[in-house]
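Chemist: Questions regarding the structure given below will be posed in turn.
The values are calculated or read from the model by the stated rules, or taken from the named source; none is laboratory data. Treat the numbers as computed from the prediction; the structure is a model and nothing was measured. In this analysis, Cβ positions are derived from the backbone assuming ideal geometry, glycine residues included, and neighbour counts consider all displayed protein chains.
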Amino acid sequence: MPRTVLISGASRGIGRAIAERLQSQGHRLSLGVRRPEVFSGTSLDRPEVQLFPYEASDPAAAQTWVEGAVAHFGSIDTVVHSAAVFSRVPLLFDEAQQPEIEQLWQVNVMGPWWLTRAAWPQLAAHGMGRLVVLVSMSGKRSKGRLAGYTASKFALMGLCQTMRNEGWEQGIRVTAICPSWVNTDMAAAVQAMPAEAMTQPGDIAAITSQLLELPNSCVPFELAVSCNLEV
């Protein structure tokens, strides 16, 4: 059955792949992006796809987007959190990196929190509401020196667990997808693994699509997706 899906961070990478996959399967989409004009002339530039200006770091943007999507479609039942920023800020950061840490928290943690809060009444009213959150393996373990990014993803995983607890009796099901390297702009500088050996954005899109087809009785909470051995 087609769903009405909000997707944040849909202008590129994993979010774009998810949007294209779900649109091809007949789902109704509202895409929250900074610059809706980037979709002009693409497969997502269609009347059944709503393109909505959205900035994940803006607390007011989530409510405005949800209200706009409900006005357009009548209701919403699914939210896919894909918007995120990456940072190499280490544990021993310097003062000039403080704004970068604050941006990590605003986009990677508070962005999903604000949007979930705004969409919650719609998800609860549906009875089979869905939240799909692109977390990262960095929300499950720490490697190297990525203190800021890892901390934000651990916080996001904790938020996902609370979403699950809060929404369970209302039929809201949450899935935290935790991939390692995905062949996107974020992984462009990785030299330890060729791009073709990484998980592809289309793979994550396929997983997301399948999640939306499952009944409430068997929706997985956490999916660790690895293209390399995690020890």
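Chemist: Can you tell me which residue is nearest to residue 135 (Cα to Cα) among those in segment 180-221 that are of a type in the set (D, E, K, R) and without any contact (Cβ under 8 Å) to a residue 60 or more places away in the chain? Don't jump to the end; show me each part of the working.
Modeler: Start the filter on segment 180-221 by keeping residues that are of a type in the set (D, E, K, R), which leaves 185, 196, 203, 213.
So of that shortlist, the ones also without any contact (Cβ under 8 Å) to a residue 60 or more places away in the chain come out as 196, 203, 213.
Numbers: 196: 22, 203: 15, 213: 21 Å.
Result: 203.
Chemist: Looking at this structure, is residue 35 in contact (Cβ under 8 Å) with a residue 12 or more places away in the chain and exposed (fewer than 15 other Cβ atoms within 10 Å of the Cβ)? If you could, list the steps in order and put the result at the bottom.
Modeler: Numbers: in contact (Cβ under 8 Å) with a residue 12 or more places away in the chain: yes; exposed (fewer than 15 other Cβ atoms within 10 Å of the Cβ): yes.
In short, yes.
Chemist: If you go through segment 120-143, how many residues are surrounded by fewer than 18 Cβ atoms within 10 Å (Cβ to Cβ) and over 18 Å from residue 69 (Cβ atoms)?
Modeler: 5
Chemist: Same structure again: Is it true that residue 44 is part of a loop (DSSP other than H, G, I, E, B) and touching a residue at least 12 places away in the same chain (Cβ under 8 Å)? It would help to see each step written out before you state the result.
Modeler: On the way: part of a loop (DSSP other than H, G, I, E, B): yes; touching a residue at least 12 places away in the same chain (Cβ under 8 Å): yes.
So residue 44 passes the test.
Chemist: Sort through 182, 174 and tell me the only one that's within 16 Å of the chain's Cα centre (by Cα), surrounded by 13 or more Cβ atoms within 10 Å (Cβ to Cβ), within 20 Å of residue 15 (Cα to Cα) and modelled with pLDDT of 95 or more. Spell out the reasoning first.
Modeler: Values: 182 fails: modelled with pLDDT of 95 or more.
174 is the lone residue from the list that is within 16 Å of the chain's Cα centre (by Cα), surrounded by 13 or more Cβ atoms within 10 Å (Cβ to Cβ), within 20 Å of residue 15 (Cα to Cα) and modelled with pLDDT of 95 or more.
Chemist: Also, quick follow-up: Keeping to segment 92-109, report how many residues are within 18 Å of residue 153 (Cβ to Cβ) and assigned to a helix (DSSP H, G or I). Step through it out loud before you land on a result.
Modeler: Start the filter on segment 92-109 by keeping residues that are within 18 Å of residue 153 (Cβ to Cβ), which leaves 93, 97, 100-109.
When the remaining residues are screened for being assigned to a helix (DSSP H, G or I), the result is 97, 100-109.
The number of residues fulfilling the criteria is 11.
Chemist: Which one of the conditions (1) surrounded by fewer than 16 Cβ atoms within 10 Å (Cβ to Cβ); (2) within 21 Å of residue 127 (Cα to Cα) does residue 96 fail to meet, given that it meets all the rest?
Modeler: Of everything listed in (1) surrounded by fewer than 16 Cβ atoms within 10 Å (Cβ to Cβ); (2) within 21 Å of residue 127 (Cα to Cα), residue 96 misses just condition (2).
Chemist: If I filter segment 30-39 for residues that are within 26 Å of residue 163 (Cα to Cα), part of a loop (DSSP other than H, G, I, E, B), modelled with pLDDT of 95 or more and hydroxyl-bearing (Ser, Thr, Tyr), do I get at least one hit?
Modeler: Within segment 30-39, the subset within 26 Å of residue 163 (Cα to Cα) is 30-34.
Still in the list and also part of a loop (DSSP other than H, G, I, E, B): 34.
Now drop any that are not modelled with pLDDT of 95 or more, which leaves none.
Checked segment 30-39: no residue is within 26 Å of residue 163 (Cα to Cα), part of a loop (DSSP other than H, G, I, E, B), modelled with pLDDT of 95 or more and hydroxyl-bearing (Ser, Thr, Tyr).
Chemist: For segment 209-219, enumerate the residues that are in a helix (DSSP H, G or I) and more than 17 Å from residue 164 (Cα to Cα).
Modeler: Within segment 209-219, the first condition is being in a helix (DSSP H, G or I), and the residues that meet it are 209-211, 216-218.
Listed by number, the residues that qualify are 209, 210.
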